[in-house]
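What follows is a set of notes on a single structure, which appears directly below.
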Amino acid sequence: MTESSPLSGLLAGKKGLIVGVANQNSIAWGCARALAGAGMELAFTYQGEIMRDRVTRTVSELGDVPLMDLDVRDEAQVAGVFGALKERWGQLDFLLHSVAFAPKPAMANPFIETQRDDFLAAHEISAYSLVALSRAASAMMPEGGSIVTMTYYGSQKAVPGYNVMGVAKAALEACVRYLAVDLGQRGIRINAVSAGAINTLAARGVAHFRDLLRITAERSPLKRTVEPDEVGNATLFLASPLSAGVTGETMYVDAGFNITAG
């Protein structure tokens with residue numbers, strides 16, 4: 001998206017919260033750039049002081065934007081973030097949830113060796129956080145709005161090395177469907193974008209990730225992987241009135257990889 005794009009004013013006057021930017025290679029940042037290019041005013045979260053400087057540098061091209069500390073496991077911090085946004089903006093139009101985590105042993109070891117605490121941590125951070133954030137965001141959407149979360153094909157098929165994260169992403173996609181039912185009567189839509197393999201900071205925690213990139217490019221109908229900006233454009237569509245009739249869905253942006261046989 002650029003300022004000269006015919007979509008540059010599509011989201012003018014809209015307010016959105018982006019949760020999950022880590023650096024300039026993040027899928028969440030590709031989404032944020034597309035949304036900002038369409039005129040949406042954005043706020044961002046970071047987790048802890050270690051991430052603050054990294055996120056600050058990443059979003060600096062957007063000028064002076066709100067930045068707030070948020071650990072999605074902390075209900076008080078969740079309330080604080082949305083309280084600050086309510087004081088600043090009054091209401092919210094969009095939420096991007098791009099948060100996922102599993103402890104390293106749960107990603108490195110065979111799935112059958114997943115420990116209870118690691119299983120619970122992966123689901124709390126990667127799936128339940130969408131429920132908690134959607135509940136808080138929806139309270140600020142009296143005129144309706146849109147929520148988008150990020151998922152991956154490992155929710156549907158057993159992808160080597162994805163392990164407990166695949167199970168957590170399956171739970172996340174189920175959350176999207178149930179939240180769509182609860183929120184739809186209030187004019188709030190919620191959808192997931194299933195992005196193809198992208199070389200992000202989070203993806204590097206998946207064993208054999210470089211092999212996954214190669215296989216994706218070989219097998220996908222477009223014979224390539226995808227870029228964060230392409231995921232961003234799909235998110236822009238789901239955030240905009242152009243997708244007014246779409247909710248509870250998982251949209252694949254993976255160069256067609258998901259339609260091919262294993």
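The values are calculated or read from the model by the stated rules, or taken from the named source; none is laboratory data. The structure presented is a predicted model; accordingly, all values stated were derived computationally and were not measured. Cβ: placed from backbone, ideal geometry, glycine included. Neighbour counts: every protein chain shown.
Points worth noting:
- Within region 220-254, tally of residues that are assigned to a loop (DSSP other than H, G, I, E, B), out of contact with any Phe, Trp or Tyr (no Cβ under 7 Å at 6 or more places or on another chain) and of a type in the set (Gly, Ala, Ser): 4
- The residues on offer are 146, 134, and the sole one that is outside any helix (DSSP H, G or I), touching a helix residue (DSSP H, G or I) at 6+ places or on another chain (Cβ under 6 Å) and either modelled with pLDDT of 95 or more or not polar (S, T, N, Q) (or both) is 146.
- Scanning region 223-262 for residues that are more than 15 Å from the chain's Cα centre (by Cα), hydrophobic (A, V, I, L, M, F, W, C) and under 16 Å from residue 25 (Cα atoms) yields a single hit, 226.
- Checked against (1) free of Cβ contacts under 8 Å to residues at least 60 places away in the same chain; (2) touching a Ser or Thr at 6+ places or on another chain (Cβ under 6 Å), residue 66 passes all but condition (2).
- Any hit, region 71-83, residues being touching a Cys at 6+ places or on another chain (Cβ under 7 Å) and in contact (Cβ under 8 Å) with a residue 24 or more places away in the chain: no
- Filter result for the condition that a residue is touching a Phe, Trp or Tyr at 6+ places or on another chain (Cβ under 8 Å), without any contact (Cβ under 8 Å) to a residue 40 or more places away in the chain and of a type in the set (Val, Ile, Thr), over 45, 58: 58
- Any chance residue 85 is modelled with pLDDT of 95 or more and within 23 Å of residue 144 (Cβ to Cβ): yes
- Any hit, region 106-129, residues being closer than 18 Å to residue 28 by Cα, of a type in the set (A, V, I, L, M) and crowded, with 21+ Cβ neighbours inside 10 Å: yes
- Residue satisfying condition, being in contact with a Ser or Thr (Cβ under 8 Å, 6 or more places away or on another chain) and either crowded, with 16+ Cβ neighbours inside 10 Å or modelled with pLDDT of 90 or more (or both), within set 193, 226, 231: 193
- Residue within region 26-35 that is free of Cβ contacts under 8 Å to residues at least 12 places away in the same chain, assigned to a helix (DSSP H, G or I) and either surrounded by fewer than 16 Cβ atoms within 10 Å (Cβ to Cβ) or among the charged types (D, E, K, R) (or both) present: no
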